[in-house]
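Following: one structure in C-alpha cells, then a few remarks.
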Amino acid sequence: LDGGVATLTLDHPPLNVLTLAMARELRQALANLAADGSLRVLVIAAEGKHFSAGADVGEHLPPTFREMIPEFVETLDALVTFPLPVVAAVRGRCLGGGFELAQCADVIVAGEGAIFGQPEIVLGVTAPIACVLLPRRAAPGIAAELLFGGDTLTAVRAQAAGLVQHVVHDDQVESEACGLAQRFARH
C-alpha cells in the first residue's frame, strides 16, 4: 500500500496458475483491502513473465471441484464488486481463469507481448465467468470467438476489441498501471 494505491501480486511461478488456496488468499486480501479506509485504487499484478495461465485444471476434477469452482466464483465476484477502481497489469499469458480475473478489473494495461484467451472450450467446457464478462467488455463476435473457438488475442487486437485500454512495452506494464492508479487516486 503506497499513497492510497495497493498492489496485489499473484506469485505462483512460473505461470501463476490459480489454485484453490490462491483463490482463498486472494478473496481474503480483497476483503481486507476493501475495509482499508486509506485505499483509493487497487492494482492487480503478477510476478514473473506471465500474468496467469489460468486455474489449476486438476482442481476442477473430483473431489476438489466442489470447493474450487464456488471459491473461484466468489473470489471473482469480490473483485467485480470491489468498491474502488481496479487496474490489472498484464504481461505474458493471460488465459482461462487468469483472463477472467483480468476481466474483473476496470482497466487493463497490457504488455505488447501479452496473449489473452479462454481455452476452456478445448477441454470441453465453457468459461462461466467469461460468458458473463466478455460480452460486456467486447463485441459479441469477439466474445464468441474467444468462448466458442478457444482463440487467443494479442494485446493489440485485445485493445482494438475494447478488452485492453493501454498497450505498452512489456517492461513498462507495472509502471504504467501504477501511474494510472496514482492518477485515479488523486481524484
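Observations
- Within region 163-184, considering residues that are over 26 Å from residue 132 (Cα atoms), in contact with an Asp or Glu (Cβ under 8 Å, 6 or more places away or on another chain) and not in a loop (DSSP other than H, G, I, E, B), the one least open to solvent (accessible area, probe 1.4 Å): 168
- Qualifying residue in region 100-107 (condition: of a type outside the set (A, V, I, L, M), within 19 Å of residue 157 (Cα to Cα) and not in a loop (DSSP other than H, G, I, E, B)): yes
- For residue 139, the conditions (1) closer than 18 Å to residue 48 by Cα; (2) modelled with pLDDT under 95; (3) not aromatic (Phe, Trp, Tyr) all hold with the exception of (1).
- Positions within region 99-127 being of a type in the set (A, V, I, L, M) and either surrounded by fewer than 24 Cβ atoms within 10 Å (Cβ to Cβ) or farther than 18 Å from residue 160 by Cβ (or both), in sequence order: 101, 105, 107, 115, 121, 122, 123, 125, 127
- Residue check, residue 58 closer than 19 Å to residue 43 by Cβ and more than 10 Å from the chain's Cα centre (by Cα): no
- Listed by position, the strands (runs of 3 or more DSSP E) contained in region 4-98 that have at least 3 residues being open to solvent by 20 Å² or more (accessible area, probe 1.4 Å) are 5-10.
- Positions within region 46-92 being of a type in the set (Phe, Trp, Tyr) and without any contact (Cβ under 8 Å) to a residue 12 or more places away in the chain, in sequence order: 65
- The condition of being open to solvent by 10 Å² or more (accessible area, probe 1.4 Å), under 28 Å from residue 59 (Cα atoms) and not in a loop (DSSP other than H, G, I, E, B) holds for only one of 153, 134, 147, that being 147.
- When 65, 72 are screened for being modelled with pLDDT under 95, in contact with a Leu (Cβ under 8 Å, 6 or more places away or on another chain) and of a type outside the set (D, E, K, R), only 72 passes.
- Checking residue 121 against (1) in contact with a helix residue (DSSP H, G or I) (Cβ under 8 Å, 6 or more places away or on another chain); (2) of a type in the set (A, V, I, L, M, F, W, C); (3) touching a residue at least 60 places away in the same chain (Cβ under 8 Å), the condition it does not meet: (3)
The values are calculated or read from the model by the stated rules, or taken from the named source; none is laboratory data. Since the model is a prediction, treat every value here as computed from it, not as a measurement. Cβ atoms come from the backbone with ideal geometry, glycine included; neighbour counts cover every protein chain shown. Side chains are part of the model used for accessible areas, which takes the heavy atoms of the whole protein and leaves out ligands, DNA and RNA. Shrake-Rupley method; radii C 1.70, N 1.55, O 1.52, S 1.80 Å.
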